[in-house]
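The values are calculated or read from the model by the stated rules, or taken from the named source; none is laboratory data. Predicted model, so just to flag it, every value in this text is computed and none were measured. Counting neighbours? That spans all protein chains shown, and the Cβs are built from the backbone with ideal geometry, glycine included.
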Amino acid sequence: MKYLGLDLGSRTLGIAISDELGIIARSYDTLRFKDDDYDYAIEKTIEICNKENVKTVVLGYPKHMNGDAGIRASISVDFKNKIEEKTDIKVILEDERLTTVIVDRTMISGNVRRKDRRQKKDEMAAVVILQNYLDKISF
């Protein structure tokens, strides 16, 4: 069973996908959209799920470091609810604290150029979010 991983921003959606067995996450794409146009992002997410036969989405849930949920977290909850209202796709919220730090450090240590890091950061964060979830469910 394939899974889709998402890192939702105000203008980008980093997308990762798992292999058929749901063991390994890989980057898929970065969707760019107008400021806060989440309806467009939802529409495209549903299209990808249908194309790739994905029934479960793992969406980054951006908590503050103290564990509180802020505005960005409530946007993720709304995003989740709208997908679930429109489809039979299950959306799981996955804590995404420190994913950007992990991605930045990994790309810097891999000598990825700053411009390339900026372009790939969101989808690589989606990979980390999805892989963290897959690691949890595989044991």
Got a sec? Which of Lys80, Lys51 is assigned to a helix (DSSP H, G or I), crowded, with 18+ Cβ neighbours inside 10 Å and of a type in the set (Lys, Arg)?
Lys80
Please go through the stretch 95-105 and pick out each residue that is assigned to a helix (DSSP H, G or I) and in contact with a helix residue (DSSP H, G or I) (Cβ under 6 Å, 6 or more places away or on another chain).
Thr99, Thr100, Ile102, Val103
Of the conditions (1) of a type in the set (A, V, I, L, M); (2) more than 17 Å from Leu130 (Cβ to Cβ); (3) in contact with a Lys or Arg (Cβ under 8 Å, 6 or more places away or on another chain); (4) at pLDDT below 95, the single one that Ile71 does not satisfy is (3)
Does at least one position in the stretch 123-131 carry a residue that is among the β-branched types (Val, Ile, Thr) and at pLDDT below 80?
no
Right, Gln119: touching a Ser or Thr at 6+ places or on another chain (Cβ under 9 Å), at pLDDT below 80 and not in a loop (DSSP other than H, G, I, E, B) or not?
yes
Selection within the stretch 65-87 - touching a residue at least 12 places away in the same chain (Cβ under 8 Å) and not charged (D, E, K, R):
Met65, Ala73, Ile75, Ser76, Val77, Phe79, Ile83, Thr87
Note: among Ile129, Ile92, Ile108, just one is without any contact (Cβ under 8 Å) to a residue 60 or more places away in the chain, assigned to a helix (DSSP H, G or I) and of a type in the set (Val, Ile, Thr), namely Ile108
If you scan the stretch 24-48, which residues turn out to be more than 18 Å from Leu93 (Cβ to Cβ), touching a strand residue (DSSP E or B) at 6+ places or on another chain (Cβ under 7 Å) and assigned to a helix (DSSP H, G or I)?
Lys44, Ile48
Which condition from (1) out of contact with any Leu (no Cβ under 6 Å at 6 or more places or on another chain); (2) over 15 Å from Gln131 (Cβ atoms); (3) in contact (Cβ under 8 Å) with a residue 24 or more places away in the chain; (4) not aliphatic (A, V, I, L, M) is the one that Tyr61 breaks?
(1)
